[in-house]
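The values are calculated or read from the model by the stated rules, or taken from the named source; none is laboratory data. The structure presented is a predicted model; accordingly, all values stated were derived computationally and were not measured. Reconstructed Cβ throughout: ideal geometry from the backbone, glycine too, with neighbour counts over all protein chains shown.
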Amino acid sequence: MTKPFLIVGGGPAGLSAAYSLANIGEKVVLVEKEGMLGGAPILSGYAKLVPSGEWAKDAIGSMVDRVVKHPNIEVKTGTSVSEFSGEPGAFSAKLANGETVENGATILCTGFTHFDSINKPEWGFGQFPDVVTTTQVEQMISSGKGVRRPSNGDKPKRVAILLCVGSRDRQIGREWCSKICCSVSAKMATEIREELPECHVYIYYMDIRTFGLYEEIYWKSQEEQKVKYIKARIAEVTSDGDKVIVKGEDTLVKRPITIPFDMVVHAIGMDPNADNMLISDIFGVDLHHWGYIKQENTYGVMGASSRPGVFVAGAATSPETIDDSIAQGSAAAMSAMACVRGSGAVAAE
Ligand SMILES: Cc1cc2nc3c(=O)[nH]c(=O)nc-3n(C[C@H](O)[C@H](O)[C@H](O)COP(=O)(O)OP(=O)(O)OC[C@H]3O[C@@H](n4cnc5c(N)ncnc54)[C@H](O)[C@@H]3O)c2cc1C
Ligand code: SF4
């Protein structure tokens, strides 16, 4: 009997990989450790996505629906793989719930972990209630409650969004650019201005990296919503008991700046999945030296890991956008298919 494909992780990459295989008639088992599918956009309650402008619950929700309803896909939530052995065409995965899933090839779509701003203590998170993260503001918007100061529930009149929190920061061991946070911040600033037209929104940046079509939201935020961009090096975030005060240097005019705000938002980065050491050990795959799952042979076999027959896609490989994670999930599905059903050349490469 033909063995199914095993997909580990039910975020955008895993949903895409599962659907791609199921849609061409293959059997798939999708294992997700949390109680529901959808990955970060659903589990963390994102609001509207860039660049589409669609609500996460609709866009990713529709991906979840078509996977859940697909007769070729068996979904197992609330569990993970604890043991893994075998070779391409004949793998065996033991799940934490005691079940065993025999499979021909596996695709790891285990995603990322949000940077914990506690690791940047000088920027006030965890100390002052009105210092929050982009994830928290996404939740304020998607819940319909709107953007409010956590300390007193008031509508903020001045908001600062600080970019590169937990990214491009060698002092705390995070050298990578998280790729999406400039665009998410420009979108968030626009959403705040649309909801609260009286509120002034400032974005503190080192560089703006709204690549490709994502640049559209950058121009919109400036030209239509009058969001102010300050190129700055931030020294610290303090408080006078009411306002949150951002101190730093405007690096364009080379002068110190100190501005009080009602709310400060950390644009948090995408860390490697905090479980990657364990995942590397269980599946026998190598990690990149920054902690993401290493891709082998980038230009030969899409999504190949260091172990033949085990593939990888999405933010498990590096900070990635949703669109790229979806594309990688589909590409890894094609590689997994070729590995099991093809001539064998792919598995050997
Ligand atoms: C604040 C914020 C806003 C963002 N907004 C956007 C946006 O508007 N547009 C955009 O393109 N990108 C956005 N991103 C990036 C987006 O979150 C990622 O591109 C996307 O989530 C990557 O999808 P993924 O499936 O690779 O990983 P994830 O979404 O992280 O999904 C991984 C899944 O695997 C599961 N998992 C993990 N480990 C295991 C395990 N061992 N066993 C079983 N399951 C496991 C997890 O529970 C999760 O469900 C944003 C990021 C942040 C931080
Ligand atoms: S995308 Fe922008 S905010 Fe995010 S790490 Fe890169 S430069 Fe910094």
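Worth a mention:
- Any hit, the stretch 51-61, residues being of a type outside the set (Gly, Ala, Ser), farther than 30 Å from GLU138 by Cα, more than 16 Å from ligand 2 (Cβ to nearest atom) and in contact (Cβ under 8 Å) with a residue 60 or more places away in the chain: no
- Filter result for GLY45 (within 20 Å of ILE180 (Cβ to Cβ) and assigned to a loop (DSSP other than H, G, I, E, B)): yes
- Qualifying residues in the stretch 54-92 (those that are of a type in the set (A, V, I, L, M), closer than 18 Å to ASN23 by Cα and assigned to a helix (DSSP H, G or I)) - the one farthest from the chain's Cα centre (by Cα): VAL68
- Note on the stretch 213-228: residues that are within 16 Å of ligand 1 (Cβ to nearest atom) and either part of a loop (DSSP other than H, G, I, E, B) or free of Cβ contacts under 8 Å to residues at least 24 places away in the same chain (or both) total 1.
- Considering (1) over 30 Å from TYR202 (Cα atoms); (2) within 16 Å of ligand 2 (Cβ to nearest atom), the lone condition that PRO272 does not fulfil carries the number (1).
- In the stretch 82-92, the residues that are exposed (fewer than 13 other Cβ atoms within 10 Å of the Cβ) and free of Cβ contacts under 8 Å to residues at least 12 places away in the same chain: SER85
- Leading residue by the ranking (surrounded by the fewest Cβ atoms within 10 Å (Cβ to Cβ)) among those in the stretch 275-328 that are small (Gly, Ala, Ser) and near ligand 1 (Cβ under 9 Å from one of its atoms): SER325
- Unique match (being surrounded by fewer than 23 Cβ atoms within 10 Å (Cβ to Cβ), modelled with pLDDT of 95 or more and within 23 Å of MET277 (Cβ to Cβ)) among THR100, THR110, THR79: THR79
Residue-by-condition table, conditions (1) within 13 Å of ligand 1 (Cβ to nearest atom); (2) surrounded by fewer than 24 Cβ atoms within 10 Å (Cβ to Cβ); (3) closer than 12 Å to HIS266 by Cβ:
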residue	(1), (2), (3)
THR134	yes, no, yes
VAL147	no, yes, no
SER151	no, yes, no
ASP154	no, yes, no
ARG168	no, yes, no
GLY173	no, yes, no
CYS182	yes, no, no
PRO197	no, yes, no
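- Filter pass, VAL237 being touching a helix residue (DSSP H, G or I) at 6+ places or on another chain (Cβ under 9 Å), at negative phi and within 16 Å of ligand 2 (Cβ to nearest atom): no
- Of the helices (runs of 4 or more DSSP H) that lie entirely inside the stretch 266-349, those containing 1 or more residues that are modelled with pLDDT of 95 or more, charged (D, E, K, R) and under 20 Å from the mean Cα position of the chain (by Cα) span 322-341.
- Of all the listed residues (PRO121, PRO71), the sole one being modelled with pLDDT under 95 and not acidic (Asp, Glu) is PRO121.
- Some residue of the stretch 150-166 being within 19 Å of the chain's Cα centre (by Cα), under 29 Å from GLY284 (Cα atoms) and within 13 Å of ligand 2 (Cβ to nearest atom): yes
- Qualifying residue in the stretch 16-31 (condition: assigned to a loop (DSSP other than H, G, I, E, B), of a type in the set (Val, Ile, Thr) and either at negative phi or within 16 Å of ligand 2 (Cβ to nearest atom) (or both)): yes
- The set of residues from the stretch 156-166 being in contact with an Asp or Glu (Cβ under 9 Å, 6 or more places away or on another chain) and within 14 Å of ligand 1 (Cβ to nearest atom) comprises LEU163, CYS164, GLY166.
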